[in-house]
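Below is one structure, written out as structure tokens, with a few remarks after it.
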Amino acid sequence: MRDEQSAGERLSLWMGDQIQMHENAITHGGAKTFEEYREICGVIRGLRTAKSELDNMMRNWEIASELDD
């Protein structure tokens, strides 16, 4: 079970890095048009939602594992 948590933690960190990369792109003028800006914002929103769900699932999994012990 530790392998799954490690994979989840790595995925969560990757998502955090992707969020930061896209936020930096917006901050530094990476979006040349309003459409590009909206697209990047959509990617950020999607990544934040997915990361939040993943983090909640890992937390619940950890709690369930502790209860099983």
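The values are calculated or read from the model by the stated rules, or taken from the named source; none is laboratory data. In this text, all values refer to a predicted model and were calculated from it rather than measured experimentally. Methodologically, a virtual Cβ is constructed for each residue, glycine included, from the backbone with ideal geometry; neighbour enumeration extends over all protein chains shown. These accessible areas exclude ligands, DNA and RNA; they are computed on the full protein's heavy atoms, side chains included. Shrake-Rupley method; radii C 1.70, N 1.55, O 1.52, S 1.80 Å.
Some notes on this structure:
- Identity of the residue in the range 51-68, surrounded by 10 or more Cβ atoms within 10 Å (Cβ to Cβ) and of a type in the set (D, E, K, R), that ends up farthest from the chain's Cα centre (by Cα): Glu62
- Test: residue in the range 11-29 that is at pLDDT 95 or above, touching a Gly at 6+ places or on another chain (Cβ under 7 Å) and open to solvent by less than 90 Å² (accessible area, probe 1.4 Å): no
- The requirement of being at pLDDT below 95, over 19 Å from the mean Cα position of the chain (by Cα) and open to solvent by 90 Å² or more (accessible area, probe 1.4 Å) is not satisfied by Glu35.
- Lone unmet requirement of (1) assigned to a helix (DSSP H, G or I); (2) over 13 Å from the mean Cα position of the chain (by Cα) for Gly30: (1)
- Considering residues of the range 18-69 that are of a type in the set (Asp, Glu) and touching a residue at least 12 places away in the same chain (Cβ under 8 Å) only, the residue nearest to Ala7 (Cα to Cα): Asp55
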